[in-house]
Amino acid sequence: MASSSSTTVTDLISTVHHDIIESHILTRLDGATLASVSCASSYLHHLASNEILWSKICRSTWPSCSDGSRSFFSDAYSMVETAGSVSDLDRPFPELISAVDLHYKGKLIFSRVVKTETTTAWFKSSPLRVDLVDTKDTVATPIKRRRRTEDTCRDLEKDLTLSWIVIDPIGKRAANLSSHRPVSVQRNWISGEVEAQFATVVDTVECVITVVTCGEEEMHVREVSLKVEKMEGTHLNGRDSLVILRSVMEGKRVNGRRREVESKRRHEEFMEKKREMKEKKMRVESVFDILTVAFGILGFVSFVVFCLWRTSI
């Protein structure tokens, strides 16, 4: 019965002129829905495989991307579940492209594409940091700063969304490193600025995107940056970061609809393990300090006893 019903629906759809489906139906769908529709029948799969349609969806979803394709949408929309193995480390990777879009309440407030050269000795040996805003500039936003900082942080956590797509132009692969919504928003008690962090955890490292906002009334974006951080708290250099980014691009992907929830869960687990590692290190250092003091006291006492013994002879 179910098969008969399904066949009937397919037949009805096939009677609709393809121009109507392409121009008035498929163009109204987002990428995830269009991908689902393409699996309904061979006829819809053919219509939904139009690259011009996918290019428009990519541009509307990520304004920083001047072009796109179905495979690009699949890479950028999905989220990494497990990192892939990277065997071709010697393959040319002359530049890393970052396409970034920042929205507040669904409205675009920042969009930029930055190319980072990856072949220099400085890049390979220095901690990776990709900055999108010049240190002398700020980006105006419609975000109003609330009287209470807690309310401002709550607004940003709820309404601020970000996409940071890294692109390997040689391997023609891409990955979205952002958690879409912040995994944490807090005030810097020294500068008074509000920092929102977006993150993707890959094994024992985390790709951290920091958005720093400042301003007394209307807030401005002062910093949008990417770093790759180890669980020990140190930052990976450019060469090691490229290995991580490639493993993300080559890894197993899952549907991106649960990106926000899953990214925050992984971030919290990462931070908990980081705290445990720090506490363990502090305990070891504390024991080492106690032993050092104990041996010092023992050595001093031994020296005093030796001196008294020599005096008494």
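Details
- When region 168-179 is limited to residues that are part of a loop (DSSP other than H, G, I, E, B) and open to solvent by 10 Å² or more (accessible area, probe 1.4 Å), the one that is farthest from K264 (Cα to Cα) turns out to be I170.
- Filtered by the rule that a residue be exposed (fewer than 11 other Cβ atoms within 10 Å of the Cβ) and either over 15 Å from V224 (Cβ atoms) or among the acidic types (D, E) (or both), region 126-142 gives D134, D137, P142.
- The numbered conditions (1) closer than 30 Å to D155 by Cα; (2) hydroxyl-bearing (S, T, Y); (3) loosely packed, with under 11 Cβ neighbours inside 10 Å are all true for T292 except (1).
- Of the residues examined, V254 is not one that is in contact with a Leu (Cβ under 9 Å, 6 or more places away or on another chain) and surrounded by 10 or more Cβ atoms within 10 Å (Cβ to Cβ).
- Residue check, V287 more than 30 Å from S191 (Cβ to Cβ), of a type in the set (V, I, T), at pLDDT 85 or above and open to solvent by less than 100 Å² (accessible area, probe 1.4 Å): yes
- Elements of type strands (runs of 3 or more DSSP E) in region 19-122, at least 2 residues being open to solvent by 60 Å² or more (accessible area, probe 1.4 Å) and of a type in the set (A, V, I, L, M): 107-117
- Considered as a group, the residues in region 143-167 that are more than 29 Å from F73 (Cα to Cα) and open to solvent by 50 Å² or more (accessible area, probe 1.4 Å) include one that is farthest from the chain's Cα centre (by Cα), and that residue is R147.
- Against the criterion of being free of Cβ contacts under 8 Å to residues at least 60 places away in the same chain and touching a helix residue (DSSP H, G or I) at 6+ places or on another chain (Cβ under 7 Å), M231 qualifies.
Residues checked against (1) surrounded by fewer than 20 Cβ atoms within 10 Å (Cβ to Cβ); (2) at pLDDT below 90; (3) within 19 Å of K105 (Cβ to Cβ):
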residue: R181; (1), (2), (3): no, no, yes
residue: S184; (1), (2), (3): yes, no, no
residue: V194; (1), (2), (3): no, no, yes
residue: V201; (1), (2), (3): no, no, no
residue: V211; (1), (2), (3): no, no, yes
residue: H220; (1), (2), (3): yes, no, yes
residue: S225; (1), (2), (3): yes, no, no
residue: E232; (1), (2), (3): yes, yes, no
residue: H235; (1), (2), (3): yes, no, no
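- Some residue of region 80-96 being under 24 Å from D30 (Cβ atoms) and either under 21 Å from the mean Cα position of the chain (by Cα) or free of Cβ contacts under 8 Å to residues at least 60 places away in the same chain (or both): yes
- Search result, residues across region 269-283 that are in contact (Cβ under 8 Å) with a residue 40 or more places away in the chain and open to solvent by 100 Å² or more (accessible area, probe 1.4 Å): K273, K278
The values are calculated or read from the model by the stated rules, or taken from the named source; none is laboratory data. The structure presented is a predicted model; accordingly, all values stated were derived computationally and were not measured. As a convention, Cβ positions derive from the backbone with ideal geometry for all residues, glycine included, and neighbour counts pool all protein chains shown. Each accessible area value is taken on the protein alone, full model and side chains, heavy atoms only, with ligands, DNA and RNA left out. Shrake-Rupley method; radii C 1.70, N 1.55, O 1.52, S 1.80 Å.
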